[in-house]
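What follows is a set of notes on a single structure, which appears directly below.
The values are calculated or read from the model by the stated rules, or taken from the named source; none is laboratory data. Only a predicted model underlies this, so the values are computations on that prediction, with no experimental measurement involved. Here the Cβ is made from the backbone with ideal geometry for all residues, glycine too, and neighbour counts use every protein chain on show. Keep in mind that these areas ignore ligands, DNA and RNA; they rest on the heavy atoms of the full protein, side chains included. Shrake-Rupley method; radii C 1.70, N 1.55, O 1.52, S 1.80 Å.
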Amino acid sequence: MSKRVLIATEKPFAAAARDQIVAILKEAGYEVALLEKYEGQGPLVEAIRAADAVIIRSDIIDREVLEATTGLHLVVRAGAGYDNVDTAVAKERGVAVMNTPGQNANAVAELVLAMMVYLARNQFDGKPGTELRGKTLGVHAFGAVGRAVTTIAQGFGMRVLAFDPFVGKDIVEATGAEFVPSVEALYEQSRYVSLHIPATPETKGSIGKDRLLRMPKGATLVNTARREIIHEAELLEVFAEREDFRYASDIAPSDATLAALRERFASRVYVTPVKMGAQTSEANVNAGLAAARQIVAFFENGERRFVVNP
Ligand code: 3PG
């Protein structure tokens, strides 16, 4: 029997990307089912029952969803972060989970710089703003997105510092960025900080007063990573204590925090209406096609590269 692949995207891929994903899977002889713009977990639980593999974006693959499956072998997160998948339960059930690292990095990096310009120009309110040239940017975690941000920021004439406990000095310096040995030093020296850490038990709530109050005058924090890494109560305290502090985020905080930020500090905050970092046709094509090819390679050749729950 041919393999059945579900594409489950609550936030759909661009049509051109989706069509090419479907074509790759059909070419391999697979059946393809599409579940787009669905609401709640019910439709996903239903649609995934018969699937051998599923392609997702930020869609939630939790215990309930996994327990509904009967022959699922593979989940591919078309993107970088896989905190939306319960990888431990997947492993228990013999389901491999993969991501497609780097495929949407440029799209996210362009958004980082766009939001920095937007805040530096006072949200285009007509008053003189500031330029990025000559300012220091701290890149917090030096994966594919952090590196893409570095390249673009250098084009703006920024000095780039990077901190990542898992990446060596030589790798950072090869990009022309400066290696910073501690997270404290990164925040102390950077007028701009761009976050690229994953949401893990260690990082959740880790971006709070201790780090943000260290930043120099005119501080701007940019979050295109994950909501959970921010200590939201302390973020509000930082805004109250520092009149110069600004925040741009591609991930909405909790409703209460967002309301407080918009009511009290609107001129210093920007939050995208929906998560936009990976929302370009190019990123959808890159990540989506990589996901489709990884599925074919997994079933046809046993290829397990990019498995994150070995
Ligand atoms: C990622 O981890 O790749 C990004 O957060 C993109 O998420 P999205 O596919 O939901 O836009």
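Brief remarks on what is shown
- Only listed residue being in contact (Cβ under 8 Å) with a residue 24 or more places away in the chain and open to solvent by 40 Å² or more (accessible area, probe 1.4 Å), chosen from 96, 88, 162: 88
- Of the residues examined, residue 251 is one that is open to solvent by less than 70 Å² (accessible area, probe 1.4 Å), closer than 20 Å to residue 114 by Cβ, among the aliphatic types (A, V, I, L, M) and within 15 Å of the ligand (Cβ to nearest atom).
Here's the yes/no breakdown for (1) aromatic (Phe, Trp, Tyr); (2) assigned by TED's automatic domain parsing to the domain that holds residue 112; (3) more than 26 Å from residue 277 (Cα to Cα); (4) within 20 Å of the chain's Cα centre (by Cα):
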{"position": "166", "(1), (2), (3), (4)": "yes, yes, no, yes"}
{"position": "182", "(1), (2), (3), (4)": "no, yes, yes, no"}
{"position": "187", "(1), (2), (3), (4)": "yes, yes, no, no"}
{"position": "192", "(1), (2), (3), (4)": "yes, yes, no, yes"}
{"position": "196", "(1), (2), (3), (4)": "no, yes, no, yes"}
{"position": "211", "(1), (2), (3), (4)": "no, yes, no, no"}
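- Put simply, of 50, 8, 33 the only residue that is touching a strand residue (DSSP E or B) at 6+ places or on another chain (Cβ under 6 Å) and assigned to a loop (DSSP other than H, G, I, E, B) is 50.
- Filter result for residue 188 (outside any helix (DSSP H, G or I), open to solvent by 30 Å² or more (accessible area, probe 1.4 Å) and more than 19 Å from residue 145 (Cβ to Cβ)): no
- Some residue of the range 282-302 being surrounded by fewer than 18 Cβ atoms within 10 Å (Cβ to Cβ), within 16 Å of the ligand (Cβ to nearest atom) and either assigned to a helix (DSSP H, G or I) or not aliphatic (A, V, I, L, M) (or both): yes
- In this entry, residue 108 passes the filter for residues that are within 16 Å of the ligand (Cβ to nearest atom), modelled with pLDDT of 95 or more, open to solvent by less than 20 Å² (accessible area, probe 1.4 Å) and assigned to a helix (DSSP H, G or I).
- Number of positions in the range 267-281 that are of a type in the set (A, V, I, L, M), open to solvent by 40 Å² or more (accessible area, probe 1.4 Å) and within 18 Å of residue 116 (Cβ to Cβ): 1
- Of the residues making up the range 77-104, those that are more than 8 Å from the ligand (Cβ to nearest atom), closer than 19 Å to residue 292 by Cβ and not in a loop (DSSP other than H, G, I, E, B) are 85, 96, 97, 98.
- Residue among 2, 58 that is surrounded by fewer than 22 Cβ atoms within 10 Å (Cβ to Cβ), at pLDDT below 95, out of contact with any helix residue (DSSP H, G or I) (no Cβ under 8 Å at 6 or more places or on another chain) and part of a loop (DSSP other than H, G, I, E, B): 2
- Selection from the range 124-159 of residues that are open to solvent by less than 10 Å² (accessible area, probe 1.4 Å), in contact with a helix residue (DSSP H, G or I) (Cβ under 8 Å, 6 or more places away or on another chain) and small (Gly, Ala, Ser): 138, 153
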